[in-house]
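Enquirer: Here you go, one structure.
The values are calculated or read from the model by the stated rules, or taken from the named source; none is laboratory data. None of these values were measured; they are calculated from a predicted model. Cβ coordinates were reconstructed from backbone atoms using ideal geometry, including for glycine residues, and neighbour counts include every protein chain displayed. Calculation scope for accessible area: heavy atoms of the full protein, side chains included, ligands and nucleic acids excluded. Shrake-Rupley method; radii C 1.70, N 1.55, O 1.52, S 1.80 Å.
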Amino acid sequence: MSALATRVGQLQLANPIMPASGTFTEDLADVFDLGILGAHVLKTFTPEIRTGNPTPRVCDLTGGMMNAIGIPSKGLEHFLTQTLPFWARYDVPLVVSISAHSYDAFARLAAAVTVPGVAAIEANISCPNIEADGRAFAVRADTTGQVVAQLRGATDLPLWVKLSPNTGEPVDVAQAAEAAGADALVVANTLLGMAIDVETRQPRLGNVMGGISGPAIKPVALRMTYQAASATRIPVIGCGGISTVADVVEFLIAGATAVQVGTATFQSPTTMRRLLSGLEDWLAAHDVASVRDLRGTVALPDTPVAAMLT
């Protein structure tokens with residue numbers, strides 16, 4: 001088995017590098033061979049056609065960026081007839097990211113994408129839940145458990161649940177997702193923020209608030225990855241601010257089984273290819289036989305684990 005090979009639940013991956021949802025498009029096929037990636041994670045889509053949020057949708061920040069794209073979507077029919085056939089050409093596990101605003105809508109969409117060619121479903125539960133006064137499913141353990149249970153009952157595909165950093169109870173949420181049937185956790189989505197133009201005194205995003213991504217949120221994502229991996233028995237996929245080989249190794253040591261790369265791809269479209277070759281070199285230079293040997297090997301101080309999770 002290759003030194004880079006890893007396993008996320010039922011899925012065997014050639015390597016632990018994959019894109020983060022929302023940062024991966026068909027256009028990248030013109031930049032490098034997408035067949036080298038461990039998995040393909042598509043942009044989140046909703047059952048209905050959506051135009052997304054008002055402009056401006058993106059602004060630069062020190063240490064990253066902030067976006068309020070609003071999940072524009074061409075809907076289920078476009079995914080089945082246009083998107084899925086394109087990705088069928090690759091012998092790489094295809095992970096479909098879905099979002100909906102109610103428990104039933106999530107379940108119906110999961111059932112609809114349980115079709116040949118889809119290897120796993122990534123449930124983006126950071127979206128507003130209209131059945132909980134607009135609060136995101138992923139900020140509370142009870143709503144997380146309810147939506148994951150609905151999803152689990154609607155599909156037999158591996159179910160990855162993407163968590164939010166905008167919660168005060170990350171361990172409870174992670175455990176609720178596991179208990180309800182999640183096969184893996186993706187940790188984490190963007191961190192809610194805001195920016196103001198001091199000359200106009202207007203928000204820099206048309207939606208007023210947006211999601212912060214990039215190196216600035218890496219410590220938060222790394223902390224959550226460690227917490228989730230320590231508190232559950234299912235694989236954790238680290239996501240947030242990864243742009244260097246050292247970042248990848250850090251997430252693996254914290255307990256991640258694989259990682260997702262997002263904002264760094266906007267800055268350099270070949271980032272994932274660079275990380276793949278660099279990771280192999282790092283393993284050889286440090287006499288590490290496999291990425292699997294790195295997972296969860298953080299050397300903790302003499303502090304009770306329970307104290308580290310609070």
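Enquirer: Given 225, 270, which one is in contact (Cβ under 8 Å) with a residue 24 or more places away in the chain and in contact with a strand residue (DSSP E or B) (Cβ under 8 Å, 6 or more places away or on another chain)?
Expert: The conditions single out 225.
Enquirer: Inspect region 224-233 for any residue being modelled with pLDDT of 95 or more, assigned to a strand (DSSP E or B) and under 12 Å from the mean Cα position of the chain (by Cα) and give the result as yes or no.
Expert: No: zero hits.
Enquirer: Does residue 212 qualify as being open to solvent by 30 Å² or more (accessible area, probe 1.4 Å), at pLDDT 95 or above and under 16 Å from residue 136 (Cβ atoms)?
Expert: In short, yes.
Enquirer: So which pairs qualify, if the first residue must be in region 127-143 and assigned to a strand (DSSP E or B), the second must be among the charged types (D, E, K, R) and at pLDDT below 95, the Cβ gap must be under 9 Å, and the two must be at least 6 apart or on different chains?
Expert: The qualifying pairs are 128/135.
Enquirer: Would a scan of region 236-251 turn up a residue that is crowded, with 20+ Cβ neighbours inside 10 Å, of a type in the set (A, V, I, L, M, F, W, C) and in contact with a Cys (Cβ under 9 Å, 6 or more places away or on another chain)?
Expert: Within region 236-251, one or more residues are crowded, with 20+ Cβ neighbours inside 10 Å, of a type in the set (A, V, I, L, M, F, W, C) and in contact with a Cys (Cβ under 9 Å, 6 or more places away or on another chain).
Enquirer: Let me spell it out: the conditions are (1) under 16 Å from the mean Cα position of the chain (by Cα); (2) assigned to a loop (DSSP other than H, G, I, E, B); (3) closer than 22 Å to residue 252 by Cβ, and residue 18 meets all of them except one. Which number is the exception?
Expert: (2)
Enquirer: Same structure again: Determine, yes or no, whether residue 188 is touching a helix residue (DSSP H, G or I) at 6+ places or on another chain (Cβ under 9 Å) and either within 21 Å of residue 22 (Cβ to Cβ) or open to solvent by 20 Å² or more (accessible area, probe 1.4 Å) (or both).
Expert: Criteria met by residue 188.
Enquirer: Same structure, new question: Here is a list: 156, 172. Which entry is in a helix (DSSP H, G or I), in contact (Cβ under 8 Å) with a residue 24 or more places away in the chain and more than 16 Å from the chain's Cα centre (by Cα)?
Expert: Matching residue, one of 156, 172: 172.
Enquirer: Return the residue satisfying two criteria in turn: it lies in region 25-42 and is assigned to a loop (DSSP other than H, G, I, E, B) and modelled with pLDDT of 95 or more, and of such residues it is most open to solvent (accessible area, probe 1.4 Å).
Expert: 33
Enquirer: Inside region 258-310, counting only helices (runs of 4 or more DSSP H) that do not spill past its ends, which hold 2 or more residues that are surrounded by 11 or more Cβ atoms within 10 Å (Cβ to Cβ) and modelled with pLDDT of 95 or more?
Expert: Result: 263-267, 271-285.
Enquirer: In addition: Could you check how many residues of region 89-129 are open to solvent by 10 Å² or more (accessible area, probe 1.4 Å), closer than 19 Å to residue 26 by Cβ and not β-branched (Val, Ile, Thr)?
Expert: Residues flagged as open to solvent by 10 Å² or more (accessible area, probe 1.4 Å), closer than 19 Å to residue 26 by Cβ and not β-branched (Val, Ile, Thr) within region 89-129 amount to 6.
Enquirer: Can you tell me which residue in region 195-207 is farthest from residue 125 (Cα to Cα), limited to those that are open to solvent by 40 Å² or more (accessible area, probe 1.4 Å) and either touching a residue at least 40 places away in the same chain (Cβ under 8 Å) or assigned to a helix (DSSP H, G or I) (or both)?
Expert: Residue satisfying both the conditions and the ranking: 204.
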